[in-house]
Every structure is written in C-alpha cells, then in structure tokens.
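Chemist: Let me begin by handing over the structure; questions about it come next.
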Amino acid sequence: MPDAVITADRQIWRDGHLGEGTRLIPEETAIALTYNGGTYAVMMGTPRDLRDFAIGFSLSEGIVRSADEIETLDIVELDDGIELRMWLKPSSADLVNERRRHIAGPTGCGICGVESIAEAVRPAAIVPKGRTFAPSEIMAAMASITLLQQLNIQTRAVHAAAFWTPAHGLMALREDVGRHNALDKLAGALAQALVCASEGIVLLTSRVSVEMVQKTATIGVPLMVAVSAPTALAVRTADAAGITLAAIARADGFEVFTHPQRIAVTQHTGVAEATHVA
C-alpha cells in the first residue's frame, strides 16, 4: 500500500528570508469501492485503515445493515489507486444493484453523486436515548484526542474522528484528509469491535455538516462534539434525530445546540483510563 505520509521538498519564505527544507504531507489516493464486481463510488482519501473505511462507508450508505453482510473484502492496489473489493450476501447484493451509481468523490465530498435533493437531505436515523454526560467528561474526551492524531501531528493536514466513553476513555480514533472518510473509518472500526455506541461520544476535529450528523446517527451515537461550528441544516437534522450536538469545543468549554438534557449538571468523577480499539 502507498505510504500515508510522504516527505516533500519545499522552499520556505519567512521573515523576509528564503530557505529550503522538507515537510511531511499526507498522501491522497483514489479509492474505489466495488460490490459484487461493480464500482459504486470512487473517493479520494488517505491510504490507511482501509478495511475500516470499506465497512463504515457500506454502513453509512445503507448498502449493508451490519458488517457480517460483507462476505469478502479484498484491498487491491492498482497503478492509479486502490480498490476495496467487496462481495455481499445475496439480500444486500440485490439492494446495491438497485442503487448502484458511479461517484467521483473529491476530498471534501460527503454525499457526492446522490440522485435527488430528497436523498441528500434524507432524515437521519433516530438514536437511542443513551446516557448523560458531565461537562468535565466532554472536556476530558476532547483533550484526549490531540496527542493521538499521529498523521495530523506529522502533517497538520488531516481530520480525525474518535469515539470516547466514560468507562473506557478513548476507544478508537481514525484520520483522513477527508472528514467524512475519517468518520466512515471510525464507523467501520466500531462495527467490527461490536462497541455499544449509545454509551459514548463521537469527537470531530472538523465542522459539522448535515452528512456528518447522518453518519453519526447511523452509528447510533447520541452525542457528537466538534471543534468547529455546525451548519443550520446540521442542527435541524441533529434535533430531529435526537442527537445532542455540541460544537466550538475549546479548552475552556463548548456550545450545545440540540438536546441539552444529555449534559448533566452534576459533575461525574473517576474517568477511566483509555482502552483502544486496534
């Protein structure tokens, strides 16, 4: 597989002086997702955690309802990209044949190539009630991700999506040049680990657009926290899905846009040590 990070030569203009050096930058690769021999989508992404990406994308697109509906998954390196080659059980194969389309998905694309406005703004799944969270837990969760964003520490050019629970701390974190891809990779990792999604928080290092809410709802997580602001449609979608949406998370706090009842007034103590999903 291609390296996720490469070293690039560069010239540096700082303080009126010209210099030379190198910088680590993230790789961006065409990734084709194929089902039963036909291409469904081509996305641009980071060539890492590709099994997680294949499974998470399949779940968030509604192609499968569970990871075990994918009978085989092969990662095939091609001259000009990577193919995630999947074969589905018959019931899922019939569904994907009805919905198959070719999508050219740029890095920033989350719902590229949909066939109607209604499909793009489809209602998100309704999440379970889940537990409540103390503000201190949300702050601890956000603080836990910074040092584990290995690709971003190297490149300062990728997004992360993570899952945190009070019982286990940070359980999984996935990175990609595309924020939607990072969340799909996280979804795939959680699906394979059979994690109880209703007990935790999705953490995002990006803004919150409607498709990020839709993907979080598909995972079944009741609380999402992001470092940047949400769009108006994302707020309406989160409200309808029963998701607590917190954003603009900083070292001194955060803002809650929907379902604030999940943010407990009484502070909880005893946040657990992190247990990671490999």
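The values are calculated or read from the model by the stated rules, or taken from the named source; none is laboratory data. From a predicted model like this one, the values you see are computed outputs, not experimental measurements. In this analysis, Cβ positions are derived from the backbone assuming ideal geometry, glycine residues included, and neighbour counts consider all displayed protein chains. Side chains are part of the model used for accessible areas, which takes the heavy atoms of the whole protein and leaves out ligands, DNA and RNA. Shrake-Rupley method; radii C 1.70, N 1.55, O 1.52, S 1.80 Å.
To keep it simple, each residue is scored yes or no on (1) of a type in the set (Lys, Arg); (2) in contact (Cβ under 8 Å) with a residue 60 or more places away in the chain; (3) farther than 18 Å from ALA41 by Cβ.
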site: PRO166; (1), (2), (3): no, yes, yes
site: ALA172; (1), (2), (3): no, yes, yes
site: ASP176; (1), (2), (3): no, yes, no
site: LEU183; (1), (2), (3): no, yes, no
site: ALA189; (1), (2), (3): no, yes, yes
site: CYS196; (1), (2), (3): no, no, yes
site: GLU211; (1), (2), (3): no, yes, no
site: LYS215; (1), (2), (3): yes, yes, no
site: PRO222; (1), (2), (3): no, yes, yes
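Chemist: Does ALA54 meet the test of being in a helix (DSSP H, G or I), in contact with a strand residue (DSSP E or B) (Cβ under 6 Å, 6 or more places away or on another chain) and not aromatic (Phe, Trp, Tyr)?
Modeler: Details: in a helix (DSSP H, G or I): yes; in contact with a strand residue (DSSP E or B) (Cβ under 6 Å, 6 or more places away or on another chain): yes; not aromatic (Phe, Trp, Tyr): yes.
For ALA54, the condition - in a helix (DSSP H, G or I), in contact with a strand residue (DSSP E or B) (Cβ under 6 Å, 6 or more places away or on another chain) and not aromatic (Phe, Trp, Tyr) - is met.
Chemist: Mind checking which residues of the stretch 31-49 are open to solvent by 30 Å² or more (accessible area, probe 1.4 Å) and under 18 Å from the mean Cα position of the chain (by Cα)? Walk me through it before giving the result.
Modeler: Filtering the stretch 31-49 down to residues open to solvent by 30 Å² or more (accessible area, probe 1.4 Å) leaves 36-37, 39, 42, 44, 48-49.
Scanning the stretch 31-49 gives VAL42, MET44, ARG48, ASP49.
Chemist: If you go through the stretch 142-184, how many residues are open to solvent by less than 30 Å² (accessible area, probe 1.4 Å) and hydroxyl-bearing (Ser, Thr, Tyr)?
Modeler: The total comes to 2.
Chemist: If I filter the stretch 70-92 for residues that are at pLDDT below 95, in a helix (DSSP H, G or I) and under 23 Å from ILE31 (Cβ atoms), do I get at least one hit?
Modeler: Checked the stretch 70-92: at least one residue is at pLDDT below 95, in a helix (DSSP H, G or I) and under 23 Å from ILE31 (Cβ atoms).
Chemist: Oh, and also: Within the stretch 1-30, which residues are hydroxyl-bearing (Ser, Thr, Tyr) and either in contact with a Phe, Trp or Tyr (Cβ under 7 Å, 6 or more places away or on another chain) or open to solvent by 70 Å² or more (accessible area, probe 1.4 Å) (or both)?
Modeler: THR7, THR22
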